[in-house]
Amino acid sequence: MVVRTITAALQGIDATPVYCETVTTQGIRTIMIGLPDTAVKESRDRIESALREAGMRFPRRAVTINLAPADVRKEGSLYDVPIAVAVMAADGKIPTDKLEHYMMVGELSLDGAVKPVKGCLPFAILARQMHLKGIIVPRENACEAAVVNNLDVLCADTLSDVMGFMAGESEMEQKVMNTREMFEKAERTYPHDFKDVKGQEMVKRAFAIAAAGGHNMIMVGPPGAGKSMMAKCLPSILPPLSLSEALETTKIHSVAGLRAETGLVTQRPFRSPHHTISSVVLIGGGTNPMPGEVSLAHNGVLYLDELPEFSKSVLEVLRQPLEDRQITIARAKNTVTYPASLMLVASMNPCPCGYYNHPTHPCICSETQVRKYLGRVSGPLLDRIDLQIEILPLSFSEVSRTGVAESSSSIRERVIKARQIQENRFREEPGVHCNAQMTPSLLRQYCKLDDKALAMIQRAMTKLDLSARAYDRILKVSRTIADYEGEPHITSTHIAEAISYRNLDRSSWGQG
């Protein structure tokens with residue numbers, strides 16, 4: 001008799017059902033088919049040892065295991081538990097009446113313990129979509145699976161627990177969580193606050209504008225000017241995650257094997273990879289495609305410190321996700337798409353020595369060296385960065401000031417109000433939630449300029465030799481500044497401020 005257990009495979013951040021079909025016949029061989037990778041093929045030895053620890057024995061007959069559908073590649077060790085249950089059911093050691101009602105995943109150790117796996121949240125979502133009664137997961141994965149409501153999430157510690165439950169001899173502990181209540185009560189604390197940043201009021205305002213409109217941002221300044229510290233303060237002024245954003249972010253982290261303590265990511269991610277990172281780790285991919293840092297920063301911030309020190313090939317792969325807000329990874333046998341809607345925040349020194357334009361410290365770099373250093377960041381990538389801010393070092397009076405600056409919570413209130421304006425504005429536009437995501441047609445609709453503002457931006461385009469793409473960026477930032485100030489229309493004042501955030505204009509930088 002053919003026995004079938006239900007499990008799943010990951011495809012991007014979603015799961016697809018996999019059925020473990022097993023039959024025993026005359027003979028002694030174990031055959032596994034259905035595109036299993038090496039980790040799946042090795043499961044036979046883990047299962048045999050785990051069964052022995054559970055007081056059971058692998059059948060002394062020919063066992064054929066088919067992981068259907070056969071055209072979906074099966075990767076990883078998550079199939080150990082469903083295969084073990086299917087083999088015992090096919091051998092007549094446990095009843096089959098519960099098999100069609102439960103999905104199961106889990107890796108087995110040699111002593112029979114059930115170990116955690118990646119992607120339990122997408123698996124649980126799939127189980128609910130299939131109208132199954134529940135899902136059996138390793139205890140370490142129970143919190144993230146329990147985020148899915150209206151589904152029994154059963155915690156497995158050992159293979160004996162699973163076998164006893166299937167045989168009707170014992171019950172398994174059920175993990176229950178009120179997702180909405182947990183999300184609303186989640187503690188959201190931030191280690192960095194803008195009240196601890198002395199001076200740099202104009203830069204702080206630029207951060208507030210970037211947060212209010214979801215704009216990309218780059219800071220250029222000498223060592224010790226506070227670039228990294230202010231970047232780390234950015235999450236503290238961003239709007240809180242919505243429940244749908246939290247679920248999507250948690251799915252990505254679950255697929256990557258990053259488990260939140262409460263099972264649900266409740267704060268916007270802040271990812272800060274080192275400049276030695278490879279393009280595969282940044283964007284995602286590999287033999288078995290996995291999310292990269294760009295996708296792990298989805299709905300949050302990707303901070304790249306010392307931007308010119310990153311490999312040029314690594315920086316160039318950022319252009320497509322910054323434009324499309326998703327990553328498509330194509331391999332010979334598989335193509336997956338990961339979301340990548342993020343704020344890119346970067347920082348860099350103005351030149352190799354770090355002191356170009358410094359008011360007191362002399363720069364030893366030639367004009368050619370300054371231009372060449374900035375040239376490590378391509379023009380097309382810079383054009384995708386809306387705010388380009390030059391930071392100057394603090395004076396002694398600013399450093400020694402004892403007063404407390406405006407707190408992040410105060411700035412955040414204004415940011416949230418500006419985002420609410422944008423949510424209302426774009427409520428009929430699918431996929432558009434903030435000004436940074438506006439399409440050309442939306443720019444024409446919501447960024448209309450009066451004669452004075454139009455004349456100002458025309459003069460700037462001519463004098464600063466700005467590109468046509470920079471024109472669109474200025475309009476988007478101007479719209480955000482107006483929203484931040486609570487103004488319904490863009491004025492010349494908003495345009496002037498947006499133009500002041502184009503400090504890295506390539507035709508003028510480094511010319512003394």
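Can you give the net charge of the other residues whose Cβ lies under 12 Å from the Cβ of ALA418, counting K and R as +1 and D and E as -1?
Working: positive: ARG412, ARG414, LYS417, ARG419, ARG425, ARG479; negative: GLU413, GLU423, ASP483, GLU485, GLU487.
Net charge around ALA418: +1.
Stretched out fully, how many nm does the piece from ILE33 to THR96 gain, at 0.36 nm a residue minus the Cα gap? Kindly include the intermediate steps, with their values, before the conclusion.
Details: separation 63, 0.36 × 63 = 22.68 nm, distance 2.19 nm.
Roughly 20.5 nm would be gained on extension.
Any chance you could look up the accessible area of TYR355 with a 1.4 Å probe, heavy atoms only, rounded to 10 Å²?
That residue has around 60 Å² of solvent-accessible surface.
If I stretch the segment between LYS195 and SER407 completely, what's the gain in nm (0.36 nm per residue apart, minus their alpha carbon distance), one decimal?
Working: separation 212, 0.36 × 212 = 76.32 nm, distance 0.43 nm.
Stretched fully, the LYS195-SER407 segment lengthens by 75.9 nm.
For segment 389-395, in order, what is each residue's ³J(HN,Hα) by Karplus, 6.51 cos²θ - 1.76 cosθ + 1.60 with θ = phi - 60°, in whole Hz (x at glycine and Pro)?
10, 9, 10, 9, x, 6, 7
Among DSSP beta bridges whose residues both lie in the chain, state the antiparallel percentage, nearest 5.
Numbers: 28 of 57 bridges.
Among the beta bridges of the chain, antiparallel pairing accounts for roughly 50 percent.
Report the Cys residues of the chain lacking a disulfide-compatible partner, meaning no second Cys Cβ under 4.7 Å from their Cβ.
CYS20, CYS120, CYS143, CYS155, CYS233, CYS353, CYS363, CYS434, CYS447
What dipole magnitude, in Debye to the nearest 20, does segment 362-498 give about its Cα centre under +1 on Lys/Arg Cβ and -1 on Asp/Glu Cβ?
Details: 20 positive and 18 negative charges, 61 e Å.
So the dipole magnitude of segment 362-498 works out to roughly 300 debye.
Between GLU42 and ARG331, how many nm apart are label points set 7 Å from Cα along the C-beta direction?
1.7
Among the listed pairs LYS195/LYS372; LYS204/LYS417; LYS115/LYS251, which have their C-alpha atoms separated by more than 28 angstrom in this model? Before the final figure, lay out each step's value.
Details: LYS195/LYS372 36 Å; LYS204/LYS417 17 Å; LYS115/LYS251 19 Å.
LYS195/LYS372, as the Cα separations exceed 28 Å there.
Quick one: net charge of PRO138's neighbours, Cβ under 9 Å, K/R +1, D/E -1?
Its environment carries a net charge of -1.
The values are calculated or read from the model by the stated rules, or taken from the named source; none is laboratory data. None of the values given here were measured: they were computed from a predicted structure. Neighbour counts are summed over all protein chains in view; Cβ atoms, including those assigned to glycine, are modelled from backbone coordinates with ideal geometry. Each accessible area value is taken on the protein alone, full model and side chains, heavy atoms only, with ligands, DNA and RNA left out. Shrake-Rupley method; radii C 1.70, N 1.55, O 1.52, S 1.80 Å.
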